[in-house]
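In what follows, a single structure is set out as structure tokens and then discussed.
The values are calculated or read from the model by the stated rules, or taken from the named source; none is laboratory data. Note that the structure is predicted; figures quoted are calculated from it, not measured. When we count neighbours, we look across all protein chains shown, and the Cβ atoms used for this are built from the backbone with ideal geometry, even at glycine. For the accessible areas, the whole protein counts, side chains as well, though only heavy atoms, and no ligand, DNA or RNA atoms are used. Shrake-Rupley method; radii C 1.70, N 1.55, O 1.52, S 1.80 Å.
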Amino acid sequence: GDSVTQMEGPVTLSEEAFLTINCTYTATGYPSLFWYVQYPGEGLQLLLKATKADDKGSNKGFEATYRKETTSFHLEKGSVQVSDSAVYFCAQLNTGNQFYFGTGTSLTVIP
Amino acid sequence: DSGVTQTPKHLITATGQRVTLRCSPRSGDLSVYWYQQSLDQGLQFLIQYYNGEERAKGNILERFSAQQFPDLHSELNLSSLELGDSALYFCASSSQAGVRETQYFGPGTRLLVL
């Protein structure tokens with residue numbers, strides 16, 4: 001069945017370090033792909049999305065490219081800040097309009 | 001602030017009981033989605049309503065049910081509660097029902113079943 005797999009955390013980085021959080025998906029058809037972020041005590045917020053192959057989603061310095069050939073949607077940021085500390089969820093929306101989320105990756109950025 | 005509101009913020013109840021969680025979507029949004037977030041299962045899609053009609057169903061137990069009212073608010077009813085139902089329940093809304101619609105999440109209701 002459809003699913004999303006993302007790298008397990010927690011991830012701890014120093015400020016200004018490079019971030020990569022891996023995400024791969026399995027799907028029948030061509031899903032839309034998303035990254036959501038959850039700050040402590042809050043609900044999920046859409047970070048970025050891509051709706052077709054080779055699309056690049058970007059927001060707040062984060063970016064991810066929809067790679068159909070590797071069924072991946074890895075999240076990257078060139079220089080993380082303390083304020084980026086949160087839990088990041090990769091998700092797919094399949095053609096049946098059902099969302100599947102990864103288990104989340106906790107990121108802590110230390111000054 | 002996403003514009004989606006959920007009440008109550010916290011709920012503590014006992015096994016076997018029934019509770020109702022409420023969600024008000026963003027102004028103008030017609031679709032409402034319910035999710036369950038637990039430590040062992042992660043974030044799971046439960047069900048979606050669009051303009052009062054059920055549109056998509058995920059991993060929702062038979063003990064759970066939902067509805068969307070004419071004013072577009074939605075309620076998630078959880079009955080015969082078990083310890084394992086303790087989780088954070090999120091509601092999200094979007095303007096339409098179609099694929100690829102961006103969803104906006106509420107702050108969640110934290111349910112603790114004792």
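Our note on the geometry: Cα centres of the range B:4-22 and the range B:31-99, 13 Å apart.
The shape of the range B:65-114 can be summarised by an equivalent ellipsoid whose semi-axes, obtained from the alpha carbon gyration tensor, come to 25, 14, 9 Å from longest to shortest. Computed from protein heavy atoms with a 1.4 Å probe, the total accessible area buried between B and A is close to 1600 Å². Against the empirical curve 2.2 N^0.38 Å, the C-alpha radius of gyration of the range B:1-113 lands at a ratio of 0.99. For the range A:38-54, the Karplus equation 6.51 cos²θ - 1.76 cosθ + 1.60, evaluated at θ = phi - 60°, returns couplings of 10, 7, x, x, 10, x, 6, 10, 5, 9, 6, 8, 9, 9, 8, 3, 6 Hz by residue, with Gly and Pro reported as x.
Taking Cα centre as origin and charging only the Cβ of basic (Lys, Arg, +1) and acidic (Asp, Glu, -1) residues, the dipole magnitude of the range B:2-86 rounds to 140 debye. Element breakdown for chain A at a 1.4 angstrom probe: carbon and sulfur atoms account for 49% of the accessible area.
Projecting the Cα atoms of A:L75, A:Q98, A:T5 onto the charge dipole of chain A (Cβ charges, centred on the Cα centre) puts A:Q98 farthest toward the positive pole.
Give me the net charge for the shell around A:G43: Cβ to Cβ below 12 angstrom, other residues only, Lys and Arg +1, Asp and Glu -1.
0
Mean per-residue shielding of peptide B:39-51 is 3, counting Cβ atoms of other chains within 10 Å of each Cβ.
At q = 0.27 Å⁻¹, what base-10 log of I(q)/I(0) does the Debye formula yield for the range A:37-111 when every alpha carbon is treated as an equal point scatterer in vacuo? The calculated log intensity ratios at q = 0.27 Å⁻¹ are -1.46.
When the accessible area of each residue in the range B:1-36 is compared between its chain alone and the complete protein assembly (1.4 Å probe; ligands, DNA and RNA ignored), which residues differ by at least 20 Å², being lower in the assembly? Hits at the 20 Å² cut-off: B:Y35.
Please go through the range B:1-95 and write out the GluC sites (Glu not before Pro) that DSSP classes as loop and that have at most 11 other C-beta atoms within 10 Å.
Sites meeting the loop and neighbour criteria: B:E62.
Convex hull volume of the Cα atoms in the protein assembly as shown, per residue, in Å³?
Roughly 117 Å³ of hull volume per residue.
Among the trypsin sites (Lys or Arg not before Pro) found in the range A:64-105, those both in a DSSP coil and sparsely packed, with 16 or fewer other Cβ atoms within 10 Å of their Cβ, are A:K68.
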